[in-house]
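Take a look at the structure below.
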Amino acid sequence: MRSLQPAQRRPRGGVLTLISALMISSAIIRLGLEAGPALARGPDPSEVSAHGTESDEKPDMQALLTELLRREAAVKQRESALRDRERALEIANEAIATRLSDLQEAEASLRETLAVADKAAETDLTRLTDVYQNMKPKDAAALFETMDPVFAAGFLSRMPPEAAAGVMAGLSPEAAYTISVVMAGRNANAPTE
């Protein structure tokens, strides 16, 4: 008799046990593969009517499924509405940014135009004041007599005091008084230090 060495011993149970285990595993796998579609199909309608309890559960499941589908549709509709609102807000923000930029450009242009206009108006007033102060006081007084007192006071306040005094001396007392009141009242409400 030969003695078997530990490395050459046969496994317990032998080849037959191994084959049996493989066949059982194969059967379990087949049952699992066939059971999945069978469970997915649900019960046979003839069996449902025979048992009665499953027919009560099916309408409840159908109502639940219908409600879930309705809610899913409502959620999708809300998501779509929110996406539309987001797009509308983005468009509105872009339009506002564009308009704001346009308004800032227009404001800058208007400032430049006003500065030019103010400078031109100041230049015109200075020239006209020079014309009035270079006139003979008697001729200037006759012209100032016909002017609105506020308008006349504006020119007289721009003239040097000597020229303004000559024009005022040639005015009627009523006109001189009215223009003097306007000139004195111009800075009456100005803050003092």
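The values are calculated or read from the model by the stated rules, or taken from the named source; none is laboratory data. Computed from a prediction, not measured in an experiment: that's the story for all the values here. Here the Cβ positions follow ideal geometry from the backbone for every residue, glycine too, while neighbour counts run over all protein chains shown. When the accessible area is computed, the model is the full protein with side chains, heavy atoms only, and any ligands, DNA or RNA have been set aside. Shrake-Rupley method; radii C 1.70, N 1.55, O 1.52, S 1.80 Å.
Quick notes on this structure:
Conditions (1) open to solvent by 30 Å² or more (accessible area, probe 1.4 Å); (2) in contact with a Ser or Thr (Cβ under 6 Å, 6 or more places away or on another chain); (3) within 26 Å of D124 (Cβ to Cβ), marked per residue:
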site	(1), (2), (3)
F155	no, yes, yes
A163	no, no, yes
S172	yes, no, no
T178	yes, no, yes
M183	yes, yes, yes
R186	yes, no, yes
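- Selection within region 122-153 - farther than 14 Å from I179 by Cβ and open to solvent by less than 50 Å² (accessible area, probe 1.4 Å): T129
Yes or no, residue by residue, for (1) over 20 Å from R186 (Cα atoms); (2) without any contact (Cβ under 8 Å) to a residue 24 or more places away in the chain; (3) aliphatic (A, V, I, L, M):
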residue: E90; (1), (2), (3): yes, yes, no
residue: A95; (1), (2), (3): yes, yes, yes
residue: A120; (1), (2), (3): yes, yes, yes
residue: L128; (1), (2), (3): yes, no, yes
residue: A141; (1), (2), (3): yes, no, yes
residue: V150; (1), (2), (3): no, no, yes
residue: A153; (1), (2), (3): no, no, yes
residue: R158; (1), (2), (3): no, no, no
